[in-house]
Each structure stands twice: as C-alpha cells, then as structure tokens.
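Just so it is clear, none of the values below were taken in a lab; they were calculated from the coordinates. Just so we're clear, the structure is a prediction, and the values are computed from it rather than from any experiment. We place every Cβ from the backbone using ideal geometry, glycine too, and count neighbours over all the protein chains shown.
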Ligand code: PEP
Ligand code: MG
C-alpha cells in the first residue's frame, strides 16, 4: 500500500504498470477550491454553477457571477476549469423561481431546459463565464442534454455571446471548449453523432443511473432499485468511452461512481482516463489507482461486462480484482 504522505497529486494518478489517470475536482462552493488546489489536481472537472444561484434570494447579475467565476479561475492557477451551466430544478430548486408544485421535477423544467427557456439568464451566465475565463483553459458544459438540437441551440448561444463580447471590446475567452454531460439514455443511443460535435464529455452517473433505470435518486423508498452496477449502466459507460475514444474526444466521469472504490478497477478496465470527484475523495482514489494493474483491470471489466445480472456483478465487485 502507498502512504498518503508519499503521494504527489500534481502528477495525477498512475497504475502499477504506469498508465496515467487524470484526476479532477468537483467543486460546489468556492470554499472547496482551497482543498482542491492543495490536492494539486489537474483542474476542476465539474463546477456546479447553481450554488451561487441557490444561496441568493434573486438571480445574480452577470457581474456578480463574473466575480465568483473569476475567483475560481484565479485560484486554479491556469489549470483547466469546466463550468457546468445552470443545473437548477430537480433536486436543486430556486426558491425565487421554481413552483414547488411542479410534478416530477426531475424530469421537469430543469437544467438546460431552464436555460433555453430563460435565455436572458443563460446569456448572462455564458457572458460571465467567457469573461472570467478570458485567459484560462475553460470548458463550458451543458447538463441534461437529450438531443443534438438542444446542443446546437446551446452552442449557438455561446457563439453569439462571444461575438457580442468581441463587438463590445470586452476581454473574454474567444475559444472555450464546449461539451455536454451525458445523463440521459437518449444521448447514448446517438453517442457517435454527439462525439463528432461536442468538444468533450462528462458522464453524470448520478442522473444517468436515475434515468437509465427509471429510479428517483432522491426517493429512499426505491433506493434498492438504484443500482449503479446494473449491466445496462456499465455497458452504456463502455459504449460512451469507446465512442469518445474513436472520435478522439476527452471523456470523464463526474458522478459519484468515479469515487466508488469497488468500481475503480472496472472504470480503468474500460479505458476511462479522466475522473472528477470531490476534493476529499482525491487521495483515496489516487491510492486505489496506484494498486491496480491496467491489463488485469481490462480482463476484470471484460468479465463483468459479460454478466447479465447485477447480482453476479455485485459479487465480482465485492471480491475485487
Ligand atoms: C450527476 O448527475 O452525476 C452529476 C454529476 O450532476 P449532479 O449530481 O449535480 O446532478
Ligand atoms: Mg446531474
């Protein structure tokens, strides 16, 4: 076993046989950034921009957002920062906007659907991100994308904002990477087409499991049915990663599956090279990766993917590699 004190997080993680895995941090509050920066991770794989919206009593202005986003970019000192556009609704309601009586909010007016409906708010957010990331390596990713049409609409808003900022002579990032979160099964069905279009992908397994299996992630009455190691979920992950590799597009996992120690060998085994987890999970994840041999992981994953039942996979994961 490798001791925590001897680990240099700056060089990312490496398997026993020297395969590099890039580790990123998920950031909710700016106060998480200090820890992430200390861990010396490769960057921020997921910044949940809804937090500055949730803590206020009305929508923050473009300038207010700019100040928060700029702090994040500055604290990451040149490392990559991936901004997820507003993901409100569902389990993240805005007291000043959402109608608590909305039926089935997890599949309601949330995430990118909200942004495409409230375009002014979307535009303010994109402008704030582009301005804050003027001299940084910035990615913009859209949550809950279900179709290429939504992706086209969202990306054209980024392009319009860039042109407008250019015309106004305001300093901004002229070339942000634009990607999507994979959270809906409809995207998997068209993953090769998406892989031609988006610059990068991040798999939001928390929602992906919910929508693949039709289980409310917040409902304890059905928590036994929320099974991340369901064969359909694991095979879909492999399909997404293979498609991104074929198209030479970066893909990460930013949902909780990335931090689950029993799944690390499987994820390495299907060729995942980028993982984004809460700052506190970075050291244990790095230690776990350091114990693995990538070829053994590949065989382990292959065997898991041949199983038809979650119960069989469960046993294999428990036993480990
Ligand atoms: C996810 O769905 O896996 C994810 C990372 O986003 P959130 O948990 O914020 O919905
Ligand atoms: Mg999500």
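Structural remarks
- Selection from the range 96-124 of residues that are farther than 17 Å from residue 186 by Cβ, more than 16 Å from ligand 1 (Cβ to nearest atom) and assigned to a helix (DSSP H, G or I): 117, 119, 120, 121, 122, 123, 124
- Residue ID - farthest from residue 31 (Cα to Cα), chosen from residues in the range 45-59 that are more than 16 Å from ligand 2 (Cβ to nearest atom) and under 23 Å from the mean Cα position of the chain (by Cα): 55
- Being under 21 Å from residue 210 (Cβ atoms), more than 16 Å from ligand 2 (Cβ to nearest atom) and surrounded by fewer than 17 Cβ atoms within 10 Å (Cβ to Cβ) is a condition met by at least one residue of the range 92-102.
- Members of the range 200-222 found to be crowded, with 18+ Cβ neighbours inside 10 Å and outside any loop (DSSP other than H, G, I, E, B), listed by number: 201, 202, 203, 205, 207, 208, 209, 210, 211, 212, 213
- A count restricted to the range 273-321 and to residues that are without any contact (Cβ under 8 Å) to a residue 40 or more places away in the chain, buried (at least 17 other Cβ atoms within 10 Å of the Cβ) and outside any helix (DSSP H, G or I) stands at 0.
- Whenever a residue of the range 259-270 is under 14 Å from residue 281 (Cα atoms), its partners that are assigned to a helix (DSSP H, G or I), lying with C-beta atoms within less than 6 angstrom and at least six residues away or across chains, give the pairs 259/281; 261/288; 262/317; 263/257; 264/288.
- Members of the range 173-199 found to be touching a strand residue (DSSP E or B) at 6+ places or on another chain (Cβ under 7 Å) and either in a strand (DSSP E or B) or surrounded by fewer than 19 Cβ atoms within 10 Å (Cβ to Cβ) (or both), listed by number: 177, 178, 179, 180, 181, 182, 199
- Restricting the range 227-259 to residues that are in a loop (DSSP other than H, G, I, E, B) and within 16 Å of ligand 2 (Cβ to nearest atom), the residue that is surrounded by the most Cβ atoms within 10 Å (Cβ to Cβ) is 254.
- Taking the criterion of being within 16 Å of ligand 1 (Cβ to nearest atom), part of a loop (DSSP other than H, G, I, E, B) and either out of contact with any helix residue (DSSP H, G or I) (no Cβ under 8 Å at 6 or more places or on another chain) or over 17 Å from residue 158 (Cβ atoms) (or both), the only residue of the range 42-76 that qualifies is 55.
- Residues that are within 15 Å of ligand 2 (Cβ to nearest atom), within 22 Å of residue 255 (Cβ to Cβ) and either surrounded by 18 or more Cβ atoms within 10 Å (Cβ to Cβ) or without any contact (Cβ under 8 Å) to a residue 24 or more places away in the chain (or both) do occur in the range 61-82, at least one of them.
- Which listed residue, of 84, 79, is away from ligand 1 (no atom under 16 Å from the Cβ) and either touching a helix residue (DSSP H, G or I) at 6+ places or on another chain (Cβ under 9 Å) or farther than 30 Å from residue 34 by Cβ (or both): 79
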